[in-house]
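A.B. asks: Here it is: the structure, laid out below.
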Amino acid sequence: MFCVVSLADSLAKLLSLGGHGAQQAVPGDGDASAVFIKNPQPGRAGPGVLCLHGFSGTPFEVRPLALGLAQQQGFTVLAPVLAGHGHTAEALALTRWQDWLASAEAALDRLLGEVDGPVAIAGFSLGGLLALRLARLRPHDVAALAILAAPLRLGPTQTRAMAAIQHLPAALRRGPLAFLPKRDGFDVTDEDMKRRNPGLPALPLVGVASLLELGTVVRRDLPFLTLPTLVAHGDKDHTVPIEDSLEVLGSLGSQVVERLWLRQSGHLLALDVERATLIEAVGRFFGAHLAAAVST
């Protein structure tokens, strides 16, 4: 058992999907519930923004962004709990990317029922992949995107680790290696947010594989996406390589693409120390392009 546990620890470090920090991830007491804030101005539905959280996370990961967009821009904002999330790693292991996409699409439909015209989507990590996929499937319903550190693919070391896991005996993959612990904690430099984050402390292996499948699908979508897109990434991100965001920037078919590199931030951009800069940039970008979409 010692060897198996050591192998699990080594593979978890190689995959580096859980973050980078001083200690193993411990779920905090932050608010993991969905966010829905409707424009309070009488007689106005206002523009709508859908905020999507990451794999193994909760709406807590995008809550500051959702609240900021509602308070500063007057947007109607919805941040749902994606399918399988918000409970246990075992529950998440029962879902695949098609389930996560279906729950994101249901949230999009709910938001469209509350506002006039198309909406914008801000997607973090897995949420970024889902945002890109929704934009491909529903181009008339989505006016603009903000893609925050979307994992198009794993790095070479992580890819080798996944391949090694897939060649292990099924008993190991269903047992000790079914869930890989986040041995390096949550990937955020803001210590208070790291402590409060209610995300899962371990990743289901089948979920990681499904996440990679979605990344493959989205990479094929990129040249066909022509809507305005803001791409953001943290220089201190130890989870998703910045090359993934560069690939998004270089592959999109859009004529309007902006990038935002946050020098002091890790993977969890909307929780980190430069979140005010992120909120301002996303709010400005969405404000301009939602207004243009509604006017036409």
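The values are calculated or read from the model by the stated rules, or taken from the named source; none is laboratory data. Source: prediction; values computed, not measured. Don't worry about glycine lacking a Cβ; one is built from the backbone with ideal geometry, like all the others, and counts go over all protein chains shown.
A.B. asks: Which of the residues that make up region 1-27 are buried (at least 17 other Cβ atoms within 10 Å of the Cβ) and modelled with pLDDT of 80 or more?
C.D. replies: Across region 1-27, the qualifying residue is only Ala25.
A.B. asks: Step by step: first the residues of region 70-79, then only those that are farther than 15 Å from Gly128 by Cβ and surrounded by 19 or more Cβ atoms within 10 Å (Cβ to Cβ), then the one that is modelled with the lowest pLDDT. Which residue is that? Full working, then the answer.
C.D. replies: Here is the first cut: in region 70-79, the residues farther than 15 Å from Gly128 by Cβ are 70-78.
Now narrow it down to the ones that are surrounded by 19 or more Cβ atoms within 10 Å (Cβ to Cβ): 70, 73, 75-78.
Details: Ala70: 95, Gln73: 91, Phe75: 95, Thr76: 95, Val77: 97, Leu78: 98.
Among residues in region 70-79 that are farther than 15 Å from Gly128 by Cβ and surrounded by 19 or more Cβ atoms within 10 Å (Cβ to Cβ), the one modelled with the lowest pLDDT is Gln73.
A.B. asks: Within region 123-134, can one find any residue that is under 24 Å from Ser245 (Cα atoms), part of a loop (DSSP other than H, G, I, E, B) and under 14 Å from the mean Cα position of the chain (by Cα)?
C.D. replies: yes
A.B. asks: Here are some residues: Gln72, Gln98. Which one is part of a helix (DSSP H, G or I), polar (S, T, N, Q), touching a residue at least 24 places away in the same chain (Cβ under 8 Å) and farther than 18 Å from Leu260 by Cα?
C.D. replies: Details: Gln98 fails: touching a residue at least 24 places away in the same chain (Cβ under 8 Å).
So the residue among Gln72, Gln98 that is part of a helix (DSSP H, G or I), polar (S, T, N, Q), touching a residue at least 24 places away in the same chain (Cβ under 8 Å) and farther than 18 Å from Leu260 by Cα is Gln72.
A.B. asks: Moving on to the next point. Can you list the strands (runs of 3 or more DSSP E) found entirely within region 175-285 that contain at least 1 residues being closer than 21 Å to Pro27 by Cα? So that I can check it myself, show each step before the final result.
C.D. replies: Numbers: elements: 179-181, 202-204, 229-234, 257-262.
So the answer is 179-181, 202-204.
A.B. asks: Among the listed residues Arg133, Arg196, identify the single one that is modelled with pLDDT of 90 or more, closer than 30 Å to Arg284 by Cα and out of contact with any Gly (no Cβ under 8 Å at 6 or more places or on another chain).
C.D. replies: From the options Arg133, Arg196, the qualifying one is Arg133.
A.B. asks: Does Leu67 count as modelled with pLDDT of 95 or more, part of a loop (DSSP other than H, G, I, E, B) and surrounded by fewer than 18 Cβ atoms within 10 Å (Cβ to Cβ)?
C.D. replies: no
A.B. asks: Given the conditions (1) surrounded by 19 or more Cβ atoms within 10 Å (Cβ to Cβ); (2) over 29 Å from Gln255 (Cβ atoms); (3) touching a Pro at 6+ places or on another chain (Cβ under 7 Å); (4) modelled with pLDDT of 90 or more, which single one is not true for Gly215?
C.D. replies: The one condition Gly215 does not meet is (2).
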